[in-house]
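Encoded as structure tokens, the structure appears first; notes follow it.
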Amino acid sequence: MSKLSVEHLLGIKHLQKEDLELIFSTADNFKQVINRPIKKVPSLRDITIANLFFENSTRTKLSFELAEKRLSADIINFSSANSSVKKGETLIDTVNNILSMKVDMVVMRHPNPGAAEFLSKHVDAKIVNAGDGAHEHPTQALLDAFSIREKYGDVNGKNVVIVGDILHSRVALSNIFCLQKLGANVKVCGPLTLIPKHIKTLGVEVVTNLKEALKWCDVAMMLRIQLERQDMKFFPSLREYSMLYGLDKQLLDSLDKQITVMHPGPINRGVEITSDVADSKQSIILNQVENGVAVRMAVLYLLAGKKE
Amino acid sequence: MKHSDRIILDSKQFDLTIKRLSHQLIENYNDFSNTIIIGLQPRGTFLAKRIQEELHSINKDYSIQLGALDVTFYRDDYRRQGDPLVPNETEMNFEIENKNVILVDDVLFTGRTIRSGLDAMLSFGRPSKVELMVLINRRYERHLPIQADYIGKNVHSVVSERVKVTWKETDGNDEVTLYTPDNE
């Protein structure tokens, strides 16, 4: 198979296992490309991509931009902070105005869940979801799974625990879909106030004891506490959270095996993960960032090349 | 094999051709210390490997470095012909800066693959000289001004015909046939 089953990348939920494998094998080639002396290929030279960021982002935005540039696409960037959105323009109007400047693809981050899907139904361009509220963040899940695959050779059969603020995390949901489709076993761990009520319907087990979860897993994915999305107190204090759900070197060394530690960034050092763990040999946090560019190149290449 | 199929090289001629190409290289290069050979994926890599082995069997001192180059991301028909092609692996575990490069493919036809191959190769650095070797040179249908320096065999064919190169490694025998595909 050489094409994706979807026209847009809205969420991992809509992808088949074959799609994931195609993205990974293509990303293998792009990872090789970005380690060459000249890191650029001409594939997307006749494509224009708009990066629309209605919400703050550093990593994802830079990663997409770099992926697009490495593919030779023309790009325009937009962030809502200093735009006409503040004047009351609707999403569809904003995007259609941008598209009338002959844009072929849109990469969008938006605070509202479903924004990417909504857009895909109303505008004529290929849409890549770069995070929609607490819903999905498909490219993050792809790069996470790609990094696990790189480390272990395969995702199938691996035990992965996602720790922390599951309730507010789009990374958690996309990762649950992605890892399960690839045959991994997924558990979530965190204070019950930060675990969505119906998460068990996704076939995910909930553990509240971090040490127990770590003993079980091959990979621990530590999530950031998303204070900006928390409109009420979900736990008494950061210090208490850190004591119960933070990963430090002592805890990591107390396990009888070498687990792999991941984090989607940005890290709150000293809250969900201590500095010595983040910078340890068991952490693949910076590999995740490198792989992000390769995976995004694969997604853009496969979507842009798909015949209508 | 159908009646219309025509064998251009049988396995014996195939072997002789590889030997001849190897000797032509020796004639031109003497010493291969600054030379590398790069096969274009997927099918040029077989010829590149054979030439490397043949050179080594002629003289043990001829150990020439071998690379495999995938051109998928450099093709000019992306988004113009069907869905994207599945890329193959690239193996270029050496510097090409200031080296002599022998670029190898199985069939030279329109020249477009070689054009992509040159682009792909140049993204690894600036070689001092590049030559092109092909097993089969299909004449009269070039789209670009590209010619080979070492040619296994020239073939005069019409556009509707296809050249099929089979290799011992994957297909069981070494052979080149010219055939006319059905329904095209």
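No lab work stands behind these numbers, since they all come straight from the coordinates. Since this is a predicted model, take the numbers as computed values, not measurements. Here Cβ is always computed from backbone atoms with ideal geometry, including for glycine, and neighbour counts include all displayed protein chains.
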Report summary line: Within the set B:Ile58, B:Ile38, B:Ile18, GNM on chain B using Cα springs under 10 Å gives the largest fluctuation to B:Ile58
Requested in this report: Would you kindly derive the ³J(HN,Hα) couplings of the stretch A:45-52 from the backbone phi angles with the Karplus curve 6.51 cos²θ - 1.76 cosθ + 1.60 (θ = phi - 60°), listing them in order in whole Hz, with x for Gly and Pro?
Outcome: 5, 9, 10, 10, 10, 9, 9, 9
Report summary line: The pairs in B:Lys60/B:Lys129; A:Lys121/A:Lys187; A:Lys40/A:Lys151; A:Lys61/A:Lys151; A:Lys31/B:Lys129 lying past 32 Å Cα-Cα in this model are A:Lys121/A:Lys187
Query raised in the report: What whole number of Å gives the distance from the Cα centroid of the stretch B:57-126 to the Cα centroid of the stretch A:163-234?
Result: 45
Query raised in the report: With +1 on each Lys and Arg Cβ and -1 on each Asp and Glu Cβ, how big is the dipole of the stretch A:151-308 about its Cα centre, in debye rounded to the nearest 20?
Result: 400
Query raised in the report: Span-like helices, chain A: DSSP H, alpha-carbon axial extent 18 Å or more, mean Kyte-Doolittle 0.0 or greater, which ones?
Result: A:285-305
Report task. Only Lys, Arg, Asp and Glu count, each charged at its Cβ (+1, +1, -1, -1), so figure out the dipole size of the protein assembly as shown about its Cα centre, rounded to 20 debye. Result -> 580
Query raised in the report: Taking only DSSP H segments of four or more residues, each worth -39500 (n - 2.57), what value at 222 nm results for the protein assembly as shown once the sum is divided by all its residues, to the nearest 500 deg cm²/dmol?
Result: -10500 deg cm²/dmol
Report summary line: Most exposed first, judged by fewest Cβ atoms within 10 angstrom, A:Arg224, A:Arg36 run A:Arg36, A:Arg224
Requested in this report: Per residue of A:39-45, count partner chain C-beta atoms within 10 Å of its C-beta, then hand back the mean as an integer.
Outcome: 5
Query - Residue-averaged beta-carbon neighbours from other chains (10 angstrom radius) around B:70-79 - result: 5
Query raised in the report: For the stretch A:163-308, what's the relative contact order in percent, using C-alpha pairs closer than 8 Å and at least 6 residues apart?
Result: 22
Report task. Quick one: which residues, 5 or more positions from B:Leu132 or on another chain, have an amide H under 5 Å from its amide H? H modelled 1.01 Å from N in the peptide plane, none for Pro or chain starts. Result -> B:Leu103, B:Asp149, B:Tyr150
Query raised in the report: Going by average Cβ neighbours within 10 Å, how do the peptides B:78-84, A:270-276 rank, with the highest at the top?
Result: A:270-276, B:78-84
Query raised in the report: What is the distance, in nm, between label points placed 7 Å from the Cα along the Cα-to-Cβ direction at A:Ala81 and at B:Asn28?
Result: 5.8
**Report entry** Loop trypsin sites (Lys or Arg not before Pro), the stretch A:98-153 (other Cβ atoms within 10 Å of the site Cβ: 12 or fewer; DSSP)
**Finding:** A:Lys102
Requested in this report: With r as the distance between the Cβ atoms of A:Thr58 and A:Lys249 and R0 = 30 Å, compute the FRET efficiency 1/(1 + (r/R0)^6) and round to 0.05.
Outcome: 0.70
Query raised in the report: Of A:Gln258, A:Gln226, A:Gln250, which is the most mobile in a GNM of chain A whose springs link Cα atoms less than 10 angstrom apart?
Result: A:Gln250
Requested in this report: List, in order, the whole-Hz ³J(HN,Hα) value for each residue of the stretch B:24-37 obtained from phi through the Karplus relation with A = 6.51, B = -1.76, C = 1.60 and θ = phi - 60°; use x for Gly and Pro.
Outcome: 4, 5, 4, 4, 7, 10, 6, 10, 9, 4, 10, 10, 10, 10
**Report entry** Reachable aspartates and glutamates, given that their alpha-carbon falls under 18 Å from the alpha-carbon of A:Lys126 and they are not under 8 places away in the same chain
**Finding:** A:Glu7, A:Asp19, A:Asp46, A:Glu65, A:Glu68, A:Asp74, A:Asp93, A:Asp104, A:Glu117, A:Glu136, A:Glu308, B:Asp83
Requested in this report: Could you name the aspartates and glutamates whose alpha carbon sits less than 15 Å from that of B:Lys153, not counting residues in the same chain fewer than 8 places away?
Outcome: B:Asp10, B:Asp15, B:Asp105, B:Asp106, B:Asp174, B:Glu175
Query raised in the report: Considering the dipole of chain A built from charges on the beta carbon (Lys and Arg +1, Asp and Glu -1) around the Cα centre, which of A:Phe64, A:Leu227, A:Thr139 is farthest to its positive end?
Result: A:Phe64
**Report entry** FRET E, pair B:His56, A:Ser237, Förster distance 51 Å, beta-carbon r, rounded to 0.05
**Finding:** 0.15
Requested in this report: Determine the alpha carbon to alpha carbon distance for each of A:Lys211/A:Lys233; A:Lys69/A:Lys281; A:Lys307/B:Lys49 and list only those over 26 Å.
Outcome: A:Lys69/A:Lys281; A:Lys307/B:Lys49
Requested in this report: Restrict the search to the stretch B:122-159; then list the chymotrypsin sites (Phe, Trp or Tyr not before Pro) that DSSP places in a loop and that have at most 10 other Cβ atoms within 10 Å of their Cβ.
Outcome: B:Tyr140
Report summary line: In order over the stretch B:97-102: 3J(HN,Hα) from phi, Karplus 6.51/-1.76/1.60, θ = phi - 60°, whole Hz, x for each Gly or Pro, gives 3, 6, 9, 8, 10, 10
**Report entry** 10 Å Cβ neighbours from other chains, averaged over peptide A:31-38
**Finding:** 4
Query raised in the report: When a footprinting reagent is the concern and you count Cβ atoms within 10 Å, what order do B:His156, A:His135 take, fewest first?
Result: B:His156, A:His135
